[in-house]
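One structure below.
Here, each number is a calculation from the coordinates, and none is a lab measurement. On a predicted model such as this, the values are computed, not experimentally measured, just so you know. Cβ placement follows ideal geometry from the backbone for every residue including glycine, while neighbour counts extend to all protein chains displayed.
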Amino acid sequence: MQTSTSRGKFMKNRIVSGSVIIALPLLAGCATLKAPSVDADIAAIKQIWVGYATSAEKGDAGAWLQLWDMGGIQLRPNAPARTREELVAQVSTQWKAVHEVSDMKMAINPLEITVNGPWAYSRGLYTRDLTNTSTDAVTHVDGKFLTILRRQEDGNWRIYRDCFNSNVPPA
C-alpha cells in the first residue's frame with residue numbers, strides 16, 4: 001500500500017525528472033545557437049580585413065575609415081599614436097600622394113580571432129607591396145598586427161585599437 005508521503009515523493013521525483021527532460025533539449029539548443037553567433041562574428045571580422053586591404057589598395061580612405069570605431073586609435077611603428085580624428089585629417093592626403101606614384105597590393109591574414117562579448121581581438125600577418133609606376137621598383141613590407149575590435153550598437157564590428165609593425169629591418 002502506498003502512503004501519501006511516498007506518493008508525494010514519487011510525484012515530486014516525476015515532476016523533477018520531467019522538467020530535466022524538457023530543459024535539456026532547450027539548454028542544448030541555446031548552446032547550439034551560440035556557436036553560429038560567434039562564427040558569424042568571426043566571419044564579420046575577417047571581412048573587415050578584406051575591406052581594410054581592398055580600400056588600402058584602391059586608396060579609398062573613406063571606405064577604410066568606415067572600418068574604425070569613433071574612439072579608434074592606430075598604434076603605428078616609429079610614430080605617435082593617431083586618433084580617429086587624426087586619421088580622418090591625415091589618411092586621405094597621405095594615400096592620395098602614395099597612389100599618385102605607385103600601385104599598392106596588400107594582403108591581411110588573420111591567424112587568430114577571439115570574440116568575448118562586445119570585444120574581440122585579431123592577430124595576424126600582413127604584406128604590402130608598393131610598385132613605383134614610373135620605375136617599376138617594388139617596396140615590399142611584411143609584418144604582424146594585433147587589433148582590438150569593438151561591437152557597435154548596430155551589431156557591426158569596428159577597429160578600436162590597431163597596432164602593427166614590420167618584419168623588414170629599417171633601411
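Things worth noting here:
- Tensor-based shape of segment 38-105 (alpha-carbon gyration tensor, a/c under 1.5 rounded, otherwise prolate or oblate): oblate
- Relative packing of 111-124, 131-144, which averages over residues the other C-beta atoms within 10 Å, highest first: 111-124, 131-144
- Taking every alpha-carbon pair under 8 Å whose residues sit at least 6 apart, segment 36-166 reaches a relative contact order of 26 percent.
- For segment 36-166, the Stokes-Einstein estimate of translational diffusion at 25 °C and a viscosity of 0.890 mPa s comes to 161 µm²/s, using the Kirkwood hydrodynamic radius over alpha-carbon pairs.
- Taking a ≥ b ≥ c as the square roots of the eigenvalues of the Cα gyration tensor, segment 111-153 is prolate, since a/c reaches 1.5 or more and a/b is larger than b/c.
- Within-12-Å neighbourhood charge of S102 [Cβ basis; K, R +1; D, E -1]: -2
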